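Worksheet: one structure, shown below.
No lab work stands behind these numbers, since they all come straight from the coordinates. This one's a predicted model, so the numbers in the text were calculated from it and none came from an experiment. Here the Cβ is made from the backbone with ideal geometry for all residues, glycine too, and neighbour counts use every protein chain on show.
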Amino acid sequence: MNITEILFWLLTAVALGGALLVVTSKNPVYSVLALIATFFALSGHYILLNAQFLAVVNLIVYAGAIMVLFLFVIMLMNLNTETEPQKNKWLKLAGTIAGGCFLLVLVAALRDADSKSTMALIGEGDTGLIQNLGKALFNEYVIPFEISSVLFLSAMVGAVVLGKK
Amino acid sequence: MNAIILSAILGVVLMFTGIFTTNKSTIRAVAVGGILLLLLANIAELRGVEFFDINTRGMLVFTKLGLLFNTIAFGATLLYFLLSARDVLEVGDNGADYFALIFFILCGVSIVSSFNTLLLLFLGIEIISIPLYILTGSDKRNLKSNEAALKYFLMGSFSTGIMLMGIVLMYGARGTFSIDPTLQIANAGRDVWYTSGLLLLFISMAFKVSAAPFHFWTPDVYDGAPTVFTSFMATIVKAAVFIAFCRLFEFSYSNSGYDWKLIVAVVIAATLLIGNITAIFQQSVKRMLAYSSIAQAGFMLFALFSTSSLSREGIILYSLGYSLATIGVFAVLIKMKDYTFEGFNGLARTQPVLAATTAIFLLSLAGIPMTIGFFAKYFMLASAVKTGTYLWLVILAIICAAISVYYYFRVIQAMYFKEGAGETVAISSVFRWLLILVAGLIILFGIFPNMILNYLYF
């Protein structure tokens, strides 16, 4: 067992444990903290796969920005066990059936996926490096890249329109 | 490409107009001039003149259908600006910014009418959606507008998530974002990814065009948004998403190796029934028009059901007829003091021109012969009949069209046969002439639909 494997199992344990804590913990703030731990573990996985850019973006965007937003919303809403709304049992049943159907579809889709035949590249491979990403972005995908500027511009104009008195 | 670049630039121009002037008539003039320029640039491209030589690497393909649709969308926006630009400026203090957002939406419209890869479909749909969330909530002091915007934003983001999941699955199955079957690599055993991805994409697009059972946001959002923006949302934007929908499924249907007709047929039937039957019970004309837009979406979905040259002609006619008539009805509705059916009582006596043109718009929406609405519905149903299957669906559609006559005629009845004041705000004579122009166009194209359809081929 070399260091990479030890790291892999460690990160996997943290990711799965964190994900379980997200759904099992009663306090929503703990859920969010567990989710952050999960994201950190996933970023570690990305680094193991030599996808550094993805790892950093995952940390900045998810663990950084989005989770802070989550925390703020939860703290503003002041959720706790006393104010938890009673859920309709039919709603619970419907949710279980819908989730179960989705699981069934996923299992059916992934059952004969060829994930076993292609091994992941660990510690090598340069697909995830920023250099290659930049090259792809400015050669092959330059049109979508430029067009996304319109999207961001319109979002900024919108934010100003909504924020201005 | 002319339209995409120019509309983005015009959006920026209008932003800057807002900095340098607060004079409303200047802003209006710039907006109308801008859309006119955009329309001319697009017609130039339809005639083969491209201003920009850009290698799109096959990510954008400009077909006659897409360019003709752009022309219709920009023409409808021009009429919309002429009829309602004054009301756009009255929604809030950021008049120029609203126009900038509308130009950004038009950029999205010209992307989704010519996309050839799922990446650009996603970007186009988002460029359309995000400004729409803002416009829905632009009446900041109105609680209903705020509620509508939040609802639209949350549900819209959710459907965007579903769309992304679908795109990911389709990328995994074919190794490319392109929708062109010749560029795709068939991976054995991954067809089910492709099909489920396409299904997720179908769901999110059906949400955007408010097809049942994904229509729940529509009445609240259309009712809560400022009426001028409802008009834009319900017409140009909706038709654009339909064009994207048709483009996507034109290639992907046969490519997925799965028979989609049943799913589409069930969605059409549900949309028609829910839209038409719920519209009957509405007391507010604005809400009735929201449900009627769901019902009309059911007819437009026939273009997906039978992907043929006939249905392509149909969707062009439908987007033209539906946009013209709905923009006209909403332009009149904005001028009314009371949005309920009673508010229209006796309008024929106080404002005969408004009443007559509104009657023509409603007749076109109901699909009465001599108006473009008739040929639009005719082409859709004829294309469905030609596929030779699912005859029950066509019969259901005809019954639903008959039901729709009831609630459209309620407005006409209120205007002509009921006593009342029919109060409106002050109406300028230019506005009347413009309404007559729109009504004239509806009748003109209703008698000679080929005037438009010829452009698809020549």
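Using a simple spin-label model with pseudo-atoms 7 Å out from Cα toward Cβ, A:Gln52 and A:Leu69 lie 2.8 nm apart.
Need one value for A:136-145: mean number of C-beta atoms belonging to other chains within 10 Å of its residues' C-beta atoms.
Per residue, the average neighbour count from other chains is 4.
Each of B:Glu250, B:Glu90 was scored by other Cβ atoms within 10 Å of its Cβ. Arranged with the fewest first, they read B:Glu90, B:Glu250. Kirkwood analysis of chain A, using all unique Cα-Cα pairs, places the hydrodynamic radius at 20.0 Å.
Normalised by residue count, the protein assembly as shown yields a Cα convex hull volume of 175 Å³ per residue. At an R0 of 41 angstrom, the distance between the Cβ atoms of B:Met155 and B:Arg349 translates into a FRET efficiency of 0.45.
Contact order, relative form, for the range B:259-458: 29 percent (alpha carbon pairs under 8 Å, 6 or more residues apart, mean separation divided by residue count). Here the protein assembly as shown is treated with +1 on each Lys and Arg Cβ and -1 on each Asp and Glu Cβ, and its dipole about the Cα centre works out to around 1180 debye.
By the beta-carbon count within 10 Å of each Cβ, the least crowded to most crowded order of B:Asp259, B:Asp139, B:Asp220, fewest first, is B:Asp259, B:Asp220, B:Asp139. A Förster radius of 41 Å combined with the Cβ-Cβ distance from B:Phe458 to B:Asn187 puts the calculated FRET efficiency at roughly 0.50. With R₀ fixed at 41 Å, the C-beta to C-beta distance from A:Lys26 to B:Ser284 puts the FRET efficiency at about 0.40. The trypsin sites (Lys or Arg not before Pro) of the range A:10-94 that meet both conditions, a loop assignment by DSSP and at most 16 other Cβ atoms within 10 Å of the site Cβ, are A:Lys26, A:Lys87.
In debye, nearest 20, what is the charge dipole magnitude of the range B:126-182 about its Cα centre with +1 on Lys and Arg Cβ and -1 on Asp and Glu Cβ, if you could check?
220 debye
Given chain B, report the % of alpha carbon pairs whose separation exceeds 30 Å.
Values: 42962 of 104653 pairs.
Roughly 41 percent, rounded to a whole number.
Arranged from fewest to most other beta-carbon atoms within 10 Å of their beta carbon, B:Thr77, A:Thr4 become A:Thr4, B:Thr77.
The charge dipole of chain A, taken about the Cα centre with unit charges on the Cβ atoms of Lys, Arg (+1) and Asp, Glu (-1), comes to about 700 debye, rounded to the nearest 20.
Length available on full extension from A:Ala108 to A:Trp9: 0.36 nm per residue minus the Cα-Cα distance, which gives 33.0 nm.
In this rough spin-label picture, where each label sits 7 Å from Cα along the Cβ direction, the A:Ala136-A:Asn88 distance is 4.5 nm.
For the range B:331-458, the alpha carbon convex hull comes to 114 Å³ per residue, rounded to a whole number. Quick one: net charge of B:Val61's neighbours, Cβ under 12 Å, K/R +1, D/E -1? After counting each charged neighbour, the total is +1.
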